[in-house]
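Scroll down for the structure; my scribbles are underneath it.
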Amino acid sequence: MEFKLNEDQQMIHDLAKDFAETVLAPRIEEIEEGEMVEVSNGQKHPQLPHDIHQQLAECGFIGISFPEEYDGLGMGHVEQAIVIKELSRVSPSVGKCLDVYILGLEALDLYANHEQKLKYLAPCCRGEQTVSFAFTEPDTGSDPKMLKTRLEKQADGTYKLNGVKRFISNAGYDGPCVLFALLKDEESGKDLVTGLVIDKFCEGYSISSPWEKIGYRGSEVYDIFMDDIVVTEDQFLGKPGDGFTQLLGTTAYGKLGFTAVFVGTALGAADIALKYCQEKLHRGKSITKFPTTQLRLSTMLTYAHTAELLLLEAADYCDHNHFEPDDVPTMRAVQARTAQAKGYAAETATKVATMAVNAMGAYGVCDEYQAERFVRDAAVAPNIEGSGDIQYLIHGMYVAANGNTN
């Protein structure tokens, strides 16, 4: 076993680190505020500054883990995790933006057919469109058995899509939206969870104002309203009833991206605290001379580096355990690893960010010193794409059922 990045991974690490420090760091306030961009229906919505979005694509970060055939870089989940972590170390908002770009692309890469990938996956990897992944609903949260969004077959063979999705990232961008709805089976009368892809801002698609939230202010979330959107069978992902397995597979890999965001958040907070402590003087010497400061710095970095190791181990596990669309046992094994890492990383982000503020005293709560931004972003970590407690339960249920602690 080698705790060392290979040549390609080190190159990606250095590129992402340089991008974060030279492109993102000088524009933090602009990123947090967002840029009003006109979309295809003529409305304007706040987005990540367009030139930053384009640079993410040009560097290959958006398509990093997707096939070259569809304009990706064809690399792995380890490289994906490294990029998101390093961007989040400077701007958790940008890390989260990239993560949610990738989440929807995971669904397309796993479950779309060749024609759908050419239409949606490739343009998104190039940065020409931006995908959304829409599952959560106002009344049912993320329980696939309680979905209310519905597809109803029409006499002409098309379907009408109606429902509401909540807390959906990238809903204010042009591009595809991967979503899940119930479709009644004509023979059995049972409701089938079905995955499909629509074009945002098609007729019948509308969104709320962005939700005001404590953190990740550079990555907006919305409610999506679907009112008699016309859907054809060539927009289905797989066949009706495949949706539950598709959700499992997509989120098994998808948890890795959020883990990387949280690890980057923890490391970024520790970076700020260390810099402050090195520069803050007491009687002419840095306060790093104090054992209490040294103890706090070591504790922060121990938590953060432990989470980083869990992230990279989970990413490597993903790369060595690819699964077919119906391979549920492998999906659950991957999900257990990524859920464990995500639960710990979310917890770590909140701990380390709070410790960073405390290490800086009164300066830590001042906007100018940036630590408070990491606290706000970290506060979201245990409450996004499945709570922190749920991640531990997913991992624990797998361990209990399989007797496997590896």
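Observations, loosely collected:
- Pairs of Cα atoms farther than 21 Å apart, region 293-396, %: 45 percent
- Considering only 309, 31, 73, the residue lying farthest towards the positive end of the dipole of the chain is 309, judged by Cα position with unit charges set on Cβ.
- Residues of region 155-175 with amide N under 18 Å of a point placed 7 Å along Cα→Cβ from residue 225: 161-169, 171-173
- Listed residues 272, 384, 62, most fluctuating in the chain (Gaussian network, C-alpha, under 10 Å): 384
- Entry note: region 69-110 has Rg to Rh equal to 0.99, where both radii use alpha-carbon atoms and Rh is the Kirkwood radius.
- Qualifying chymotrypsin sites (Phe, Trp or Tyr not before Pro) in region 160-255, DSSP loop, other Cβ atoms within 10 Å at most 12: 211
- Centre separation in Å (Cα based) which lies between region 118-141 and region 371-406: 23 Å
- Taking 37 °C and 0.692 mPa s as conditions, the chain diffuses translationally at an estimated 151 µm²/s according to Stokes-Einstein applied to its Kirkwood radius (Cα pairs).
- The length gained on full extension between residue 33 and residue 58, counted as 0.36 nm times the residue separation minus their Cα-Cα distance, comes to 6.7 nm.
- Cross-link pairs exceeding 25 Å between alpha carbons, from the set 160/213; 96/145; 148/190: 160/213; 96/145.
- Protein heavy-atom surface of the chain, 1.4 angstrom probe: 51% of the accessible area is carbon and sulfur, with nucleic acids and ligands not counted.
- Between region 9-66 and region 221-237, the Cα center-to-center distance that results, in Å: 27 Å
- Extending 7 Å from Cα along the Cβ direction at residue 389 and again at residue 140 yields two label points whose distance is 2.3 nm.
- Computed over protein heavy atoms with a 1.4 Å probe, the accessible surface of the chain works out to 44 Å² per residue.
- Sparse-neighbour loop sites [trypsin sites (Lys or Arg not before Pro); region 181-245; at most 11 other C-beta within 10 Å; DSSP]: 190
- Computed from phi, the 3J(HN,Hα) profile of region 30-46 under the Karplus parametrisation 6.51, -1.76, 1.60 (θ = phi - 60°) reads 5, 5, 5, 7, x, 10, 6, 10, 7, 9, 5, 8, x, 7, 10, 9, x Hz, with x in place of Gly and Pro.
- Computed over the chain with a Gaussian network model linking Cα atoms closer than 10 Å, the most mobile of 345, 362, 269 is 362.
- Seen against the Cα atoms of the chain and their longest principal axis, helix 92-111 is set at about 30 degrees.
- Kirkwood hydrodynamic radius of region 183-320, Cα pairs, Å: 20.0 Å
- Gyration tensor over alpha-carbon atoms, region 1-76, equivalent ellipsoid semi-axes in Å: 29, 18, 8
- With a Förster radius of 45 Å applied to the C-beta separation of residue 280 and residue 319, the computed FRET efficiency comes to 0.60.
- Report summary: the helix-based calculation at 222 nm, which adds -39500 (n - 2.57) for every DSSP H run with n ≥ 4 and divides by the residues of the chain, gives -15500 deg cm²/dmol.
- Mean Cα-pair separation over length for the chain, i.e. relative contact order, pairs under 8 Å, 6 or more apart, %: 16 percent
- Computed over the Cα atoms of region 253-347, the ratio of the radius of gyration to the Kirkwood radius (Rg/Rh) comes to 1.21.
The values are calculated or read from the model by the stated rules, or taken from the named source; none is laboratory data. In this text the structure is predicted, and so the values were computed from the model without any measurement. For neighbour counting, all protein chains shown are included, and Cβ atoms are generated from backbone atoms with ideal geometry for every residue, glycine included. With ligands, DNA and RNA removed, areas are computed over all heavy atoms of the protein, side chains included. Shrake-Rupley method; radii C 1.70, N 1.55, O 1.52, S 1.80 Å.
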